[in-house]
Amino acid sequence: MSAPTAAMAMAAAAARLRAAGVPDPARDARILLAHAASVDAARVTLIAPEEIAPEIAERFEHLVALRAVRVPVSQLVGARAFYGRDFKISRDVLDPRPESETLIETALAEPFTRMLDLGTGSGCLLVTLLAERPDATGMAVDLSEAACLQASANAVLHGVQARAEILQSDWFEHVEGRFDLIVSNPPYLAAEEMLTVAPELALHEPRMALTDEFDGLSVYRIIAAQAQGYLTPKGRVMVEIGWQQGDAVRQIFENAGWGRVTLATDLDGRARVICADRPA
């Protein structure tokens, strides 16, 4: 009996992933087969009619088994695309999300030369902003040492390490200096929301990057209370928010005495970023 073709293996994997409740099983099967075969995902159709080699089949089976228990694809292939660049990913950092690109677009709409990224994780915000602004420098902090190492690796990968300083710090604890721009994608899920999130998040991503174990707003209170002391006179803060948190987070910044506080929305019109200027 001849070995199954790549197309047959993909179809069987997609059916298995569908049965496991994976949201987009055919796409994931294609990406995982490409990774197992060391080809670009766009070229999988070229090998589809061919018999799948035993060593590739074995690697593919292993990857599909892990995906079936909801390990994120990005962790299985070790990378995730964000704003046109691939970032190295591990289970120590939050997977970069497309909604975070709204923060990037908003930050790039105005000039900055010195930036700070609070809770950097993979470093996707810091690295992307420095890569897009070759004259800028930046600092990033994270409480997780593993996250700092991952962010540093991504800074090297994208050639911005000479302009980036990455420190282990509990928010502003070890931060010094002033910045034109402070950005953050903080843990904004309330503790009770963690009971209903997808298994990929609940089981395989760092909990401390997802929830403050409280109401999902505590880090915004920290940033609103302290960030003015780290900004230049015309500096600004931009924080990613959950799509239903716009009014609550805006109120936190207004109550803390910030100047103009505005909302930026994603392509679906959902509030995604709070922008706050230092008071005049």
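The values are calculated or read from the model by the stated rules, or taken from the named source; none is laboratory data. As the structure is a computational prediction, the values presented were derived from the model and not from experiment. FYI the Cβ positions are ideal-geometry reconstructions off the backbone, even for glycines, and counts take in every protein chain you see.
When the residues of region 192-228 are narrowed to those that are touching a Phe, Trp or Tyr at 6+ places or on another chain (Cβ under 6 Å) and among the small types (Gly, Ala, Ser), which ends up nearest to His174 (Cα to Cα)?
Ala224
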May I ask you to say which residue of Phe82, Phe87 is within 30 Å of Asp266 (Cα to Cα), touching a strand residue (DSSP E or B) at 6+ places or on another chain (Cβ under 6 Å), of a type in the set (Phe, Trp, Tyr) and at pLDDT 95 or above? Phe87
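Could you identify the single residue in Arg67, Arg27, Arg43, Arg18 that is outside any loop (DSSP other than H, G, I, E, B), out of contact with any Phe, Trp or Tyr (no Cβ under 7 Å at 6 or more places or on another chain) and crowded, with 17+ Cβ neighbours inside 10 Å?
Values: Arg27 fails: crowded, with 17+ Cβ neighbours inside 10 Å; Arg43 fails: crowded, with 17+ Cβ neighbours inside 10 Å; Arg18 fails: crowded, with 17+ Cβ neighbours inside 10 Å.
Only one candidate passes the filter, namely Arg67.
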So, in region 221-243, how many residues would count as being under 23 Å from Glu99 (Cβ atoms) and either of a type in the set (D, E, K, R) or free of Cβ contacts under 8 Å to residues at least 12 places away in the same chain (or both)? 3
What are the residues in region 90-121 that are touching a strand residue (DSSP E or B) at 6+ places or on another chain (Cβ under 7 Å), of a type outside the set (Val, Ile, Thr) and not in a helix (DSSP H, G or I), if any? Asp95, Pro96, Phe112, Arg114, Met115, Leu116, Asp117, Leu118, Gly119, Gly121
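When the residues of region 152-165 are filtered to those that are in a helix (DSSP H, G or I) and free of Cβ contacts under 8 Å to residues at least 40 places away in the same chain, which remaining residue is surrounded by the most Cβ atoms within 10 Å (Cβ to Cβ)?
Filtering region 152-165 for residues in a helix (DSSP H, G or I) gives 152-157, 161-163.
Restricting the remaining residues to those that are free of Cβ contacts under 8 Å to residues at least 40 places away in the same chain gives 152, 155-156, 161-163.
On the way: Ser152: 18, Ala155: 24, Val156: 15, Gln161: 16, Ala162: 9, Arg163: 19.
Filtering first and then ranking leaves Ala155.
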